[in-house]
1. Provide V111, V78 in ascending order of the number of other Cβ atoms located within 10 Å of each residue's Cβ, fewest first.
2. Tell me the relative contact order for the chain as a rounded percent, counting alpha carbon contacts under 8 Å between residues six or more apart.
3. Going by how many other Cβ atoms sit within 10 Å of their own, how do V98, V64 line up, fewest first?
4. Could you calculate, for the chain, the ratio of the Cα radius of gyration to the Kirkwood radius, expressed as Rg to Rh?
5. Sort E72, E47, E65 by Cβ crowding within 10 Å, fewest neighbours at the top.
6. Is it possible to state the helix-based mean residue ellipticity at 222 nm for the chain, with each DSSP H run of 4+ residues giving -39500 (n - 2.57), the sum divided by total residues, to the nearest 500 deg cm²/dmol? What is it?
7. Two decimals, Cα atoms only, Kirkwood Rh: what is Rg/Rh over the range 34-97?
8. For the charge dipole of the range 25-120, defined by +1 on Lys and Arg C-beta atoms and -1 on Asp and Glu C-beta atoms about the Cα centroid, which residue among I86, N68, S100 has the Cα displaced farthest towards the positive pole?
Amino acid sequence: MRKPPLYKSIGYALRGILFLLKNERNFQIECLGFFINLLLISLLSLERWEAILILLISCVVLAVEAINTCIEKLCDFVHPEYNFHIGIIKNISAAAVVISVLAAILTAIYVYIPHIISRVSL
């Protein structure tokens, strides 16, 4: 089987992102967080490395959420009715999202708090 051309592969990926945006509430919330981070990066005039760190961890959260959704959809397709083992798989996948979100929150605190304190103490 031949690989599709690059533009088609990108199109498939964009369709996946659109699906997530239309159908997955958590992905929508995490996208909102991404855009809030873009705004804060601009407002707080972060150093380049700080902005890269914030954007990188924000993208990690979105990617982990996409993988979690994929795992959940695949599990539901393979085994539509309740199954204890499928439940464990889905819980572990959701835990990966929670871990990435906690890492993002801790990173944001580490980066943003000094900037906010310096602006407040002026």
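1. Working: V111 21, V78 9.
Placing the least packed residue first, the sequence is V78, V111.
2. Numbers: 56 pairs, mean separation 33.8, N = 122.
Over the chain, the number comes to 28 percent.
3. On the way: V98 11, V64 21.
Going from sparsest to densest Cβ surroundings: V98, V64.
4. Details: Rg = 18.1 Å, Rh = 16.6 Å.
Answer for the chain: 1.09.
5. Values: E72 16, E47 12, E65 24.
Starting with the residue having the fewest Cβ neighbours, the order is E47, E72, E65.
6. Details: 4 runs with 105 residues, N = 122.
So the calculated ellipticity at 222 nm is -30500 deg cm²/dmol.
7. Details: Rg = 16.8 Å, Rh = 13.7 Å.
Here Rg/Rh amounts to 1.23.
8. S100
Here, each number is a calculation from the coordinates, and none is a lab measurement. The shown structure was predicted, so the numbers you read here are calculated from the model rather than taken from an experiment. Cβ: placed from backbone, ideal geometry, glycine included. Neighbour counts: every protein chain shown.
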